[in-house]
Amino acid sequence: MFIGHFAVAFAAKPAAPSVSLGTLFFACEWVDLVWPLFLLIGLERVEIRPGITAFTPLDFLYYPWTHSLLMGVFWAVAFGLLYLSVRKSGKLAILVGAVVLSHWFIDLVAHRPDLPLAPGGEARWGLGLWSSIPATLLVEVSLFVAGVSLYVWRTRAMDRVGRWGLCVLLAFLGVAYLGAAFGPPPPNVEAIAWAGLIGGAVTGFLGYWIDRHRAMV
């Protein structure tokens, strides 16, 4: 999924008002930020194969260091410990780590059976939601609308940035999502990696920017 991950971040914000939305964005997409780096250095592999699923042309050949369940736990603990070292809150560190780990379980719903449980393991998991574009849109958009609605219900804009900046963020995510769903296949793996890194960084920093202009109610 894509915007389904951000749904978790939006929904988590009311449960942790002192955690920036930007931090929650980086948490929910953390493994998808590490993954492009591993693609660029050749540690993990993906191929572009239109038709491999209805929703995405990407064939995830080898990505146990970012997308296995065991490494998901590792990244969640590492991210949580980093947050703990900075903010000194064990409760919030656990919540942020849980957002990181949620990535694997949301991917489990969307992916065909290509998610490993651990590096070196043979088993591959995935429920295959991406085999249907209508089903993917229904499930993921519903999750996203629910998460954003909860966030909007529990926060208020302090100024125009808080109001219109959120609109810009939602538009950015929506355009990126529609491009992934209906746009042409990416030209090469390097383009996938750089788009993931740049898009992830932009989204995370938009989250920090908007968060400073919205208050919890």
The list (i) 47, 36, 28; (ii) 52, 43, 36; (iii) 65, 43, 28 gives values of Cα extents along the principal axes in Å, and only one came from this structure; which label was calculated from it? (i)
Sorted by chain and then number, the residues having a modelled amide H within less than 5 Å of the amide H of T155, at least 5 places away or on another chain, are V217
Filter the GluC sites (Glu not before Pro) in segment 46-150 down to the DSSP loop ones having no more than 14 other Cβ atoms within 10 Å, then list what survives. E122
Could you give each residue of segment 135-142 its phi-based ³J(HN,Hα) in whole Hz, using Karplus coefficients 6.51, -1.76, 1.60 with θ = phi - 60°, and x for Gly or Pro? 5, 4, 4, 4, 5, 6, 5, 4
Can you list residues whose amide H is under 5 Å from W125's amide H, if they're 5+ apart or on another chain and H is modeled 1.01 Å from N? D114, L115
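Normalising by the residue count of the chain, find the relative contact order in percent from Cα pairs under 8 Å and 6+ residues apart. Intermediate values should be presented prior to the final figure.
Details: 343 pairs, mean separation 67.0, N = 217.
Relative CO of the chain lands at 31 percent.
Out of the trypsin sites (Lys or Arg not before Pro) in segment 39-146, which ones are loop residues according to DSSP with at most 10 other C-beta atoms within 10 Å?
Details: sites: R45, R87, K88, K91, R124; in loops: K88.
Filter output for segment 39-146: K88.
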Which whole-Hz couplings ³J(HN,Hα) result when phi for each residue of segment 156-167 is put into the Karplus expression 6.51 cos²θ - 1.76 cosθ + 1.60, θ = phi - 60°, listed in order with x for Gly and Pro? 9, 6, 8, 7, 5, 4, x, 7, 7, x, 5, 4
Distance in nm between pseudo-label sites at L137 and L178 (7 Å out along the Cβ direction from Cα): 1.1
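For P57, what is the net charge nearby, where nearby means another residue's Cβ is under 12 Å from its Cβ and Lys, Arg count +1, Asp, Glu -1? Before the final figure, lay out each step's value.
Working: positive: R49; negative: E47, D59.
The answer is -1.
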Work out from phi, with θ = phi - 60° and the Karplus expression 6.51 cos²θ - 1.76 cosθ + 1.60, the ³J(HN,Hα) of each residue of segment 108-114, listed in order in whole Hz, and give x for Gly and Pro. 4, 5, 7, 5, 5, x, 9
Pseudo-spin-label distance D59 to V217, built 7 Å along Cα→Cβ, given in nm, is 5.1
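So what is the calculated 222 nm ellipticity per residue for the chain, using -39500 (n - 2.57) for each DSSP H run with n of 4 or more, over all residues, to the nearest 500 deg cm²/dmol?
Working: 9 runs with 141 residues, N = 217.
Using -39500 (n - 2.57) per qualifying helix, the result is -21500 deg cm²/dmol.
Since every read-out is calculated from the coordinates, none of them should be taken as a lab result. Note that this is a predicted model, so its numbers are computed, not measured. Note that each Cβ is placed from the backbone with ideal geometry, even for glycine, and that neighbours are counted across all protein chains shown.
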